[in-house]
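Structure first, commentary second.
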Amino acid sequence: MSESIRDTTDLSRRRMLRGIGLAAFLAVPGAGVLSACATGGESESPPASGPANTGNAENPFGVKADAPLEVVIFTGGLGETYATEGHEPLYKKKFPNATIKHVGTQQISQQLQPRFAAGDPPDFIANSGTNLMDNTALVEDSQLLDLTPLLEAPSIDDPSKKIKDTLLPGTIEPGLVNGKPYVLNYVSIGYGLWYDKNLFAKNSWTPPKTFDEFKALAEKMKSAGIIPYSYAGANASYYQYWMIMISAAKIGGNEVIVALDNLDDGAWTAEPVRKSAAAWAEIIQTYGDKAHEGLKHTEVQTLQNQGKVGLYPSGSWLENEQKKETPATFEYAMAPTPSVTSSDKMPYEAIRTVAGEGYIIPAKGKNTAGALEYMRIMLSKEGAKVFYEKSGNLTVVKGAADGVSLSPGNKSVADAVSKAGDNLVTFSNIESWWKDLEKELRTQTNALMFGRITADQFCENMENKAKQTKNDPAIPKQHRDK
Amino acid sequence: MRQGRYRFIIGFLAVPVFLYGLYVIWPFAQAFYLAMTSKRTAASPDRFIGFDNFERLFQSDRFWKAVGHHGVLLLALPLITLAIALFLAYLLNVAGGSRGGGMTGIFGSKVYKVIFFLPQVLAVALVAVLFQAIYRPDGLGALNAVLESVGLGRVGWLLEPNLALWSIIGVLVWQAVGFYVVLFSAGMASIPAEIYESAEMDGCGRFRMFFSVTLPLLWDTLQVAWVYLGIAAFDAFAVVQLLSVDFGGPDGATTVLPLEIWQEAFRNSRFGYASAMGVALFFLTLTFAILALRVTRRERIEY
């Protein structure tokens with residue numbers, strides 16, 4: 001199985017490199033950074049530029065062996081033991097004289113904004129969770145370290161390779177701000193519909209491949225007293241808009257998502273988005289439970305563990321997040337989203353895999369070299385392995401799954417990825433670029449799914465908000481080509 | 001001597017005035033300044049943009065929605081809380097009639113007092129978690145389970161856009177009432193027993209007693225309570241943040257200014273704009289406090 005992952009990733013890596021070459025050709029300033037040239041001749045980087053990459057395989061960033069390192073970890077679904085019992089000991093092993101100050105928090109923004117303001121940020125930050133900091137805004141304020149030296153540095157496992165060549169395709173792109181890599185998205189996440197394999201087997205149900213099958217299955221589940229499909233409206237409406245976007249991309253191709261990211265005129269009222277929104281709304285309005293608009297994600301997930309919810313939209317972290325609630329008889333599996341039309345551009349097997357969970361290095365940290373080295377350790381096979389063991393999630397390191405026995409959920413994601421082949425739904429930047437629009441998207445998603453507006457109104461409202469965002473001079477503009 | 005007295009006064013005042021200036025006035029001044037910059041994060045350089053943030057603010061739907069909700073809170077929260085608190089305080093302190101030279105409450109009033117006060121000592125986060133379970137919209141919610149067991153349908157307490165704000169107000173009232181019961185109890189205890197006695201001798205019933213004796217003599221306390229609750233109505237952040245659907249939803253039906261400020265500052269990274277909202281909130285609160293004190297000013301009854 002891991003064999004097939006490698007095959008497909010190699011294939012799409014070539015595709016990715018082609019894309020990068022193209023980007024460099026289009027001469028986006030700073031895109032040269034991504035192409036192979038590591039000389040950095042035209043680096044007119046802002047005041048705080050990080051340590052250079054010396055090319056020394058042992059200590060490429062010139063870390064001072066006794067320099068203390070402060071690591072801030074978001075204590076969410078991944079926990080923090082992957083750092084305290086994984087990466088930090090690995091760093092200590094390399095630099096026994098360094099002291100590591102570990103901080104675990106869920107209030108990343110509230111805790112760290114004042115420290116950025118005071119010019120005393122920590123060295124390394126897991127910038128995740130509901131209260132994460134806006135990376136784009138931090139870059140604009142020259143607060144983040146350009147991670148190019150890291151990507152160009154030799155890999156720990158094979159010094160003849162650069163780190164960027166040891167990562168899964170699509171790892172670097174979501175972390176680009178103004179064309180430069182500032183965010184390391186470390187976790188490889190597959191998105192889709194999650195269900196209990198055993199429950200499905202018992203009832204001889206199979207995950208639906210089309211929305212018609214979805215409705216037929218929903219009828220059966222309903223008569224079995226199970227809510228066929230649900231998401232948590234109270235705090236996780238974004239799980240549902242992911243599904244809308246994935247379906248829209250399957251209908252009309254990845255350019256649909258690119259257009260949404262770029263705030264193109266008519267992107268939200270485009271046919272694929274409209275169809276996708278209508279299809280999902282029909283499912284939830286017909287078969288969902290209105291009360292779930294008031295539930296939190298953990299509550300709905302627990303209902304699923306109790307066999308009361310059939311299919312649930314989420315990502316690879318779900319299995320680990322629910323570890324404590326999941327009964328022994330429950331076996332997580334993930335299926336792709338059903339096809340909306342028979343003329344969809346992407347096949348049913350297409351899924352969205354994205355590099356997620358952003359890690360950043362403040363440019364004004366005291367030990368930026370140490371932080372880069374810490375990331376290099378994370379991106380080693382050993383770092384990836386220990387991360388999987390402690391957090392239950394696979395990383396963007398190629399071959400991270402080799403030699404580890406995968407949990408059922410992770411295995412089903414890996415299977416889905418290999419079946420999808422080149423048909424991968426791209427990442428979306430709305431969450432990081434257009435915060436205001438994203439807030440509106442959450443609101444409108446709930447309004448649509450719980451029947452207060454129609455799919456047409458949904459598209460209309462989002463289009464208006466996108467227009468407003470586009471015309472707002474106070475919001476700095478971003479653009480992606482593909 | 002005169003000289004010495006001033007030195008004495010200044011010596012006493014200098015430290016508190018300095019601290020007040022440093023920790024109250026100075027942050028306010030900073031917020032006013034920030035409101036006129038385009039600052040995005042706390043670390044942004046300050047770029048002065050005049051009143052642009054305010055212009056944007058006054059055109060924002062969510063801002064006016066939030067202001068409208070404060071209007072509702074401002075009317076409902078004090079009215080409901082004070083009515084309930086007065087009623088309960090009266091029962092606990094006076095309604096038992098006079099016995100042994102003083103007015104007493106109904107039977108078991110001391111126990112009730114403790115029970116009523118209890119929500120006040122609970123942390124807001126706890127209260128919110130408690131009410132999440134009470135308002136939970138499916139059959140597992142405490143309220144809905146009761147409704148279902150008596151054959152009524154479930155209610156989406158926090159889901160119906162027209163009901164959600166009132167559900168939130170319910171929580172705020174529940175939490176506040178206890179404190180005002182105790183406050184009014186103290187006020188009622190300080191009303192001389194002779195007044196009640198003479199009223200009773202004149203054949204005054206409990207209703208009349210409340211409206212003609214207790215209420216007027218409690219006016220000062222009431223006025224303070226009104227201002228407190230009014231100011232509380234401009235907050236409500238924690239309860240809305242923890243309890244409402246989708247942070248101030250559904251469809252923005254429960255959002256309040258502090259929540260919008262929090263979202264703008266920490267989610268949308270627009271410190272300048274968030275500060276502008278903070279300044280607007282400051283003036284709203286100030287206006288309310290001044291109005292409330294003006295309107296409720298009345299001649300003091302000496303006793």
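Listed here are the residues, each with its yes/no results for (1) of a type in the set (Ser, Thr, Tyr); (2) part of a helix (DSSP H, G or I); (3) away from chain A (no Cβ under 14 Å).
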| site | (1), (2), (3) |
| --- | --- |
| B:151 | no, no, yes |
| B:161 | no, no, no |
| B:168 | no, yes, no |
| B:172 | no, yes, yes |
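Quick one: which residue in B:179, B:131 is within 14 Å of chain A (Cβ to nearest Cβ), part of a helix (DSSP H, G or I) and in contact (Cβ under 8 Å) with a residue 40 or more places away in the chain?
The conditions single out B:131.
So which helices (runs of 4 or more DSSP H) stay within the stretch B:201-303 end to end and still have 1 or more residues that are without any contact (Cβ under 8 Å) to a residue 60 or more places away in the chain and among the charged types (D, E, K, R)?
B:206-209, B:271-295
Out of contact with any Phe, Trp or Tyr (no Cβ under 9 Å at 6 or more places or on another chain) and within 21 Å of residue A:207 (Cβ to Cβ), is that true of residue A:334?
Against the criterion (out of contact with any Phe, Trp or Tyr (no Cβ under 9 Å at 6 or more places or on another chain) and within 21 Å of residue A:207 (Cβ to Cβ)), residue A:334 does not qualify.
Of all the residues that make up the stretch B:42-91, how many are touching a helix residue (DSSP H, G or I) at 6+ places or on another chain (Cβ under 8 Å) and either within 14 Å of chain A (Cβ to nearest Cβ) or β-branched (Val, Ile, Thr) (or both)?
17
Taking residue A:371, is it touching a residue at least 60 places away in the same chain (Cβ under 8 Å) and either more than 30 Å from residue A:92 (Cβ to Cβ) or in contact with a Cys (Cβ under 7 Å, 6 or more places away or on another chain) (or both)?
no
Is it true that residue A:345 is over 24 Å from residue A:187 (Cβ atoms), of a type outside the set (A, V, I, L, M), over 19 Å from the mean Cα position of the chain (by Cα) and surrounded by fewer than 19 Cβ atoms within 10 Å (Cβ to Cβ)?
yes
So in the stretch A:306-339, with the set limited to residues that are in contact (Cβ under 8 Å) with a residue 24 or more places away in the chain and within 14 Å of chain B (Cβ to nearest Cβ), which one is nearest to residue A:423 (Cα to Cα)?
Going through the qualifying residues, I end up with A:309.
Tell me which helices (runs of 4 or more DSSP H) are completely within the stretch A:202-283 and hold 3 or more residues being within 14 Å of chain B (Cβ to nearest Cβ), buried (at least 20 other Cβ atoms within 10 Å of the Cβ) and of a type in the set (A, V, I, L, M, F, W, C), or say none if there are none.
Answer list for the stretch A:202-283: none.
Which residue, of A:62, A:104, A:79, is outside the structural domain of residue A:316 (by TED's automatic domain parsing), within 22 Å of the chain's Cα centre (by Cα) and on the phi > 0 side of the Ramachandran plot?
Only one candidate qualifies: A:79.
Run residue A:453 past the list (1) surrounded by fewer than 23 Cβ atoms within 10 Å (Cβ to Cβ); (2) under 26 Å from residue A:254 (Cβ atoms); (3) aliphatic (A, V, I, L, M) and report the number of the one that doesn't hold.
(2)
Listed here are the residues, each with its yes/no results for (1) out of contact with any Lys or Arg (no Cβ under 8 Å at 6 or more places or on another chain); (2) modelled with pLDDT under 85.
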| position | (1), (2) |
| --- | --- |
| B:255 | no, no |
| B:258 | yes, no |
| B:264 | no, no |
| B:268 | no, yes |
| B:272 | no, no |
| B:286 | yes, no |
| B:289 | yes, yes |
| B:292 | yes, yes |
| B:301 | yes, yes |
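Right, residue A:212: farther than 30 Å from residue A:135 by Cα, among the acidic types (Asp, Glu) and touching a Ser or Thr at 6+ places or on another chain (Cβ under 9 Å) or not?
Considered against the rule, which asks whether it is farther than 30 Å from residue A:135 by Cα, among the acidic types (Asp, Glu) and touching a Ser or Thr at 6+ places or on another chain (Cβ under 9 Å), residue A:212 comes out as no.
Hey, any hits in the stretch A:396-409 for a residue that's closer than 29 Å to residue A:208 by Cβ and assigned to a helix (DSSP H, G or I)?
yes
Being assigned to a loop (DSSP other than H, G, I, E, B), in contact with a helix residue (DSSP H, G or I) (Cβ under 7 Å, 6 or more places away or on another chain) and either assigned by TED's automatic domain parsing to the domain that holds residue A:65 or modelled with pLDDT of 90 or more (or both): is that true of residue A:190 here?
Taking the combined requirement at face value, the residue does not satisfy it.
Only helices (runs of 4 or more DSSP H) wholly contained in the stretch B:24-124 count here; list those with 1 or more residues that are acidic (Asp, Glu).
B:52-59, B:61-93
Specify which of the listed residues (B:168, B:115, B:134) is among the β-branched types (Val, Ile, Thr) and either within 17 Å of residue B:90 (Cβ to Cβ) or at pLDDT below 85 (or both).
Checking each option against the conditions leaves just B:115.
Looking at (1) under 30 Å from residue A:411 (Cβ atoms); (2) assigned by TED's automatic domain parsing to the domain that holds residue A:98; (3) touching a Pro at 6+ places or on another chain (Cβ under 7 Å), can you tell me which one residue A:350 breaks?
Every listed condition holds for residue A:350 apart from (2).
Is it the case, given these coordinates, that residue B:244 is buried (at least 19 other Cβ atoms within 10 Å of the Cβ), farther than 18 Å from residue B:69 by Cα and not aromatic (Phe, Trp, Tyr)?
Taking the combined requirement at face value, the residue does not satisfy it.
Answer yes or no as to whether residue B:159 is among the aliphatic types (A, V, I, L, M), in contact with a Gly (Cβ under 8 Å, 6 or more places away or on another chain) and in contact (Cβ under 8 Å) with a residue 40 or more places away in the chain.
For residue B:159, the condition - among the aliphatic types (A, V, I, L, M), in contact with a Gly (Cβ under 8 Å, 6 or more places away or on another chain) and in contact (Cβ under 8 Å) with a residue 40 or more places away in the chain - is met.
The values are calculated or read from the model by the stated rules, or taken from the named source; none is laboratory data. Worth saying up front: this structure is predicted, and the values here are computed from it rather than measured. As a convention, Cβ positions derive from the backbone with ideal geometry for all residues, glycine included, and neighbour counts pool all protein chains shown.
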